[in-house]
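Peer 1: Once you've had a glance at the structure underneath, I'll fire off some questions.
The values are calculated or read from the model by the stated rules, or taken from the named source; none is laboratory data. Model, not experiment: these values are computed from the prediction. We place every Cβ from the backbone using ideal geometry, glycine too, and count neighbours over all the protein chains shown.
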Amino acid sequence: MELTANGRRVDTAPGRFAPLEPASDLLGDPAGLREAMADRGYLFFPRLLDADTVLAARREILTKYAVLGEIDDRFPLDDAVAGDRTGVATANLRAFSESVRNGYWYRAVTDHEQLLGFYRDLLGGEVHCYDFRWPRFVRPGEGCGFHCDGPYMNRGTDRVFTSWIPLGRVRLEEGALMVLEGSHRSEELHAGYLRADADVDGLVWLDDDPVVVQQRYGRRWLSNDFAPGDVLCFGMHTLHGALDNHSPTGRCRLSSDSRYQRADEPVDHRWNGTEIEGHGDRRVFYPGLGQWNNEDFQDEWKRIDEHGRLLTTGLATGTAPRGRQEAHR
Ligand SMILES: O=C(O)CCC(=O)C(=O)O
């Protein structure tokens, strides 16, 4: 099956696309982990977490999405078949989003001892998982634009790392994450984009086109099929994005991104503390739904009213343009 990102073809020829290099042999070797992270810009750990915990989180979250009609539970829940979404427009999405982020099993994944242990080794001290976590439900037809995390997380220490965790199987064509090899060393990114603050500077995705991005900022796109328990960690300078979800069975992609830093270093207050500011205003993290033909829905952060319900004030413009997200995360 042809792979696309933002609706554009990804070149999967050898030399352009390759699997991620596993780093499991470095676990328990702090110096080796640091060296490999500095060198590769990412570390991939197949089956780092126990699959039972990950699959329990998957069931927990999919059950909640089924309440909104996002999952059609006439099919087995684990198949995550997209539903008719009738509940989305009227539900309290603020409460929904909180219930997903604070779910017992979901927290057991993001705060898994294996993961925290790895970060303690990498960072050389006690670690803090950002108080905000980003569980991500990606419907068929959806994806995620190209970006680095730095500009969205750079108000505290610069030693922050992201873990992308598939919550269940994610095949390439089901919307796997991909990182751009060597991009963390791109001089062009360091000279401009990586100095920005996403909220102050109103950042948009870097570009829609995976071929253009590849030529400009790095070497091969790296990705592969993911299994429950796999974890992909990367630094704030590594350019990444997601493949579009082309599941032939209508399977929604469920994954998580969470961020980690040393507990004794300054935090980015947007994402930490009891009152999460996020990108400001009254908004909720609820990615996707661009196919509702409303420009508002291109943003991962949706405006809500005082009851937590979606506000739709943009114009319906037919097919919504891609890559128009105003504030990622
Ligand atoms: O899962 C995705 O679609 C995007 C995730 C991402 O950008 C991240 O983990 O930083």
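Peer 1: In segment 172-194, which residue that is in a loop (DSSP other than H, G, I, E, B) and within 12 Å of the ligand (Cβ to nearest atom) is farthest from Arg40 (Cα to Cα)?
Peer 2: So the residue we want is Gly175.
Peer 1: Does Val231 fit the bill of being within 15 Å of the ligand (Cβ to nearest atom), among the hydrophobic types (A, V, I, L, M, F, W, C) and closer than 22 Å to Ala57 by Cβ?
Peer 2: yes
Peer 1: Can you pull out every residue in segment 152-171 that is within 12 Å of the ligand (Cβ to nearest atom) and in contact with a strand residue (DSSP E or B) (Cβ under 8 Å, 6 or more places away or on another chain)?
Peer 2: Passing the criteria: Met153, Val160, Phe161, Thr162, Ser163, Trp164, Ile165, Pro166, Leu167, Val170.
Peer 1: Here is a check on your reading of the model: is Arg47 surrounded by fewer than 17 Cβ atoms within 10 Å (Cβ to Cβ) and charged (D, E, K, R)?
Peer 2: For Arg47, the condition - surrounded by fewer than 17 Cβ atoms within 10 Å (Cβ to Cβ) and charged (D, E, K, R) - is met.
Peer 1: Scanning segment 50-87 for residues that are outside any helix (DSSP H, G or I) and within 21 Å of the chain's Cα centre (by Cα), which turns out nearest to Arg139 (Cα to Cα)?
Peer 2: My answer is Ala82.
Peer 1: So, in segment 262-296, of the ones that are in contact with a helix residue (DSSP H, G or I) (Cβ under 7 Å, 6 or more places away or on another chain) and not in a loop (DSSP other than H, G, I, E, B), which residue ends up modelled with the highest pLDDT?
Peer 2: Among those residues, the one meeting the criterion is Arg262.
Peer 1: Just give me the residues in segment 196-216 being touching a His at 6+ places or on another chain (Cβ under 9 Å) and among the small types (Gly, Ala, Ser), in sequence order.
Peer 2: Matches in segment 196-216: Ala198 only.
Peer 1: Looking only at strands (runs of 3 or more DSSP E) that fall completely inside segment 110-151, which ones have 2 or more residues that are more than 13 Å from the ligand (Cβ to nearest atom) and touching a residue at least 40 places away in the same chain (Cβ under 8 Å)?
Peer 2: Correct list: 127-129.
Peer 1: Shifting gears a bit: For segment 95-102, check the following and say yes or no: at least one residue is surrounded by fewer than 23 Cβ atoms within 10 Å (Cβ to Cβ) and touching an Asp or Glu at 6+ places or on another chain (Cβ under 9 Å).
Peer 2: Scanning segment 95-102 turns up at least one residue that is surrounded by fewer than 23 Cβ atoms within 10 Å (Cβ to Cβ) and touching an Asp or Glu at 6+ places or on another chain (Cβ under 9 Å).
Peer 1: Would you mind finding the one in Arg251, Arg259 that is at pLDDT 95 or above, within 16 Å of the ligand (Cβ to nearest atom), over 15 Å from the mean Cα position of the chain (by Cα) and crowded, with 22+ Cβ neighbours inside 10 Å?
Peer 2: After applying the criteria, what remains is Arg251.
Peer 1: Considering only segment 200-207, I want to know if a residue exists there that is part of a helix (DSSP H, G or I) and farther than 21 Å from Leu48 by Cβ.
Peer 2: The answer is yes; a qualifying residue exists.
Peer 1: Name the residue, out of Arg171, Arg185, Arg159, Arg155, that is basic (Lys, Arg) and in contact with a helix residue (DSSP H, G or I) (Cβ under 8 Å, 6 or more places away or on another chain).
Peer 2: Selected residue: Arg159, the only one of Arg171, Arg185, Arg159, Arg155 that is basic (Lys, Arg) and in contact with a helix residue (DSSP H, G or I) (Cβ under 8 Å, 6 or more places away or on another chain).
Peer 1: Right, another one. If I ask for residues that are under 16 Å from the mean Cα position of the chain (by Cα) and on the phi > 0 side of the Ramachandran plot, which ones from segment 95-136 would you list?
Peer 2: The answer is none; no residue qualifies.
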